[in-house]
Amino acid sequence: MFRWKLHGNGRTVAPGAVVAPGERLNWGATIAIGLQHVIAMFGATFLVPVLTDFPVSTTLLFSGVGTLLFLLVTRNRLPSYLGSSFAFIAPVTAATATGGTGSALAGIVAVGILLAIIGVVVQFVGLGWVDRVMPPVVAGAIVALIGFNLAPVAWSNFQKQPLPGTITLVAVILFSVLFRGFLGRISIFLGVIVGYVATVLIQAASGETLIDFAPVEAAPWVGLPHFEVANFATPQTWSVIAMFLPVVLVLVAENVGHVRGVAAMTDATANRSTGRALIADGVATTLAGTFGGSGTTTYGENIGVMAATRVYSTAVYWVAGLTAIVLSLSPKIGAVFNTIPAGVLGGVTTALYGLIGIIGIKIWVDNRVDFSRPVNQYTGAVALVLAIAGFTMQWGDFQLGAIVLGAVAALLIYHLGNAIARARKTGADDGGPIPAVGPLGGDPS
């Protein structure tokens, strides 16, 4: 399992060739690429605990541990880094306000367990049933509503420090369009750095305290992360767990997409690891939530690094996971990330939360969803408005938030609407993808 065949001369990758998961370059190159994967995941992974007020070091630790678990469960055949999932931000924020951090962690654990169960089913039955329950119009709506539901949180931070927020937002966009390759893929990370430096300069010029460096000075260089146990004992916990369940659908979509991406770039047999990938992410998320870390998912940023380097060796991910664990053992590093000012967070999340929503819309576009059909129209329309407006329903201490209401609405409207429309033969049902007009991706010739 830990034996990688040396690719070629161990130093270079020939044009058109790739370093397969079971291969590696020499250890110097392998370590260098592994460190590059750490940089690629870092911008997004640290941002989730900062936004949800979780300990950065704890999340980083379980990110590294989760990556190593993923490699073990998938038998070292599927390269992936497990970083913090943005799909958890909205339910964690709501759950923390309602029942405290312990309840939010319990919700993460519940998602992890359910995801692992789905992985077991997929491993033995296949993915067909997932596609039937969650067709493109439903999947896109659920992914989109999770991002758009967070819009008020972005505005709340942005308005506290509008100038740093604007500088950060502009920097993120500029980096994404100015640079190609790796730098373009870490535009969010670079934007945060620019916003942070700008805030320091504004603080120096104005004399206003925008960043407090005292906690950084007080933090030791070496120490264990802070651990907190998930709390299933309080009544509030069981009322907030429901809002976490739609996140499972997002994690399934992300993991399946990751496996298919790796399979397309390396070997189609990688698709056989789909069930194991879901199980691995479920176990990693459960472990993280149990002891105070953020839920995990396979990272698109790292797929970008693989595509750029053409190195799909799982050896580099062992290096990345171990490096993340080492970094998590420095409380001072965690303290630095906790000083990121509200304006910078507001600027970066204005882009980031919108991008989550756009990913959902991209699912619609990629699958050519026919929005001339009323069932599809109302599936997307009602789900998004429920999420953006922040609809809630409450019975005593039990509350359903906007994310779960939007997800349930999308599922019910689609499946019941289709059943009625087809029984009545009204033509309002989902008729499948729109026929292509001319070549896809361009104007008809």
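Sorted largest first, the principal axis extents computed over the alpha-carbon atoms of the range 40-159 equal 48, 34, 29 Å.
Counting only protein heavy atoms and using a 1.4 Å probe, the accessible area of residue 176 comes to about 60 Å². Its Cα centre serving as origin, the chain has a Cβ charge dipole (Lys and Arg +1, Asp and Glu -1) of approximately 1160 debye. The calculated Kirkwood hydrodynamic radius for the range 97-146 is 12.9 Å, given to one decimal from all distinct C-alpha pairs. For 24, 3, the ranking by accessible surface with the largest value first comes to 3, 24, using a 1.4 Å probe.
Placing a pseudo-label 7 Å from each Cα along the Cα-to-Cβ vector at residue 193 and residue 389 gives an inter-label distance of 4.4 nm.
Membrane-span-like helices in the chain, defined purely by DSSP H runs whose alpha carbon atoms cover 30 Å or more axially and whose average Kyte-Doolittle hydropathy reaches -1.0, are 27-52, 101-125, 342-366, 402-424. Electrostatic tally near residue 143: other residues with Cβ closer than 10 Å to its Cβ, Lys and Arg +1, Asp and Glu -1, net 0.
Which option, [x] -0.49, -0.74, -0.88; [y] -0.55, -0.82, -0.97; [z] -0.59, -0.90, -1.07, is the value of log10 I(q)/I(0) by the Debye sum over Cα atoms at q = 0.09, 0.11, 0.12 Å⁻¹ that was calculated from these coordinates? Answer by label: [z].
With a Förster radius of 30 Å applied to the beta-carbon distance between residue 308 and residue 2, the computed FRET efficiency rounds to 0.70. Amide H to amide H distances under 5 Å link residue 19 with 311, 312, where only residues 5 or more positions off or on other chains count and H is placed in the peptide plane.
For the chain, the relative contact order works out to 32 percent when only alpha carbon pairs closer than 8 Å and six or more residues apart are counted.
Using C-alpha pairs under 8 Å with a sequence gap of at least 6, the mean separation divided by the residue count of the range 193-313 gives a relative contact order of 23 percent. Share of carbon and sulfur in the accessible area of the range 1-48 stands at 64%, probe radius 1.4 Å. Reported to the nearest whole Å, the Cα centre-to-centre distance from the range 233-262 to the range 9-50 is 28.
For the range 171-227, which whole-number percentage of the solvent-accessible area (1.4 Å probe, protein heavy atoms only) is attributable to carbon and sulfur atoms? That fraction is 70 percent. With protein chains left intact and a 1.4 Å probe, residues in the chain average 43 Å² of accessible area per residue. Ranking of 127, 251, 174 by solvent-accessible surface, largest first: 174, 127, 251 (1.4 Å probe, protein heavy atoms only, all chains present).
Taking each DSSP H run with n ≥ 4 as -39500 (n - 2.57) and averaging over every residue of the chain yields -21500 deg cm²/dmol at 222 nm. Count the DSSP beta bridges whose two residues both fall in the chain, then state the antiparallel fraction as a percent rounded to the nearest 5. Here the share of antiparallel DSSP bridges comes out near 65 percent.
The values are calculated or read from the model by the stated rules, or taken from the named source; none is laboratory data. Worth saying up front: this structure is predicted, and the values here are computed from it rather than measured. Positions of Cβ are generated from backbone atoms using ideal geometry, with glycine treated the same way; all protein chains shown enter the neighbour counts. Keep in mind that these areas ignore ligands, DNA and RNA; they rest on the heavy atoms of the full protein, side chains included. Shrake-Rupley method; radii C 1.70, N 1.55, O 1.52, S 1.80 Å.
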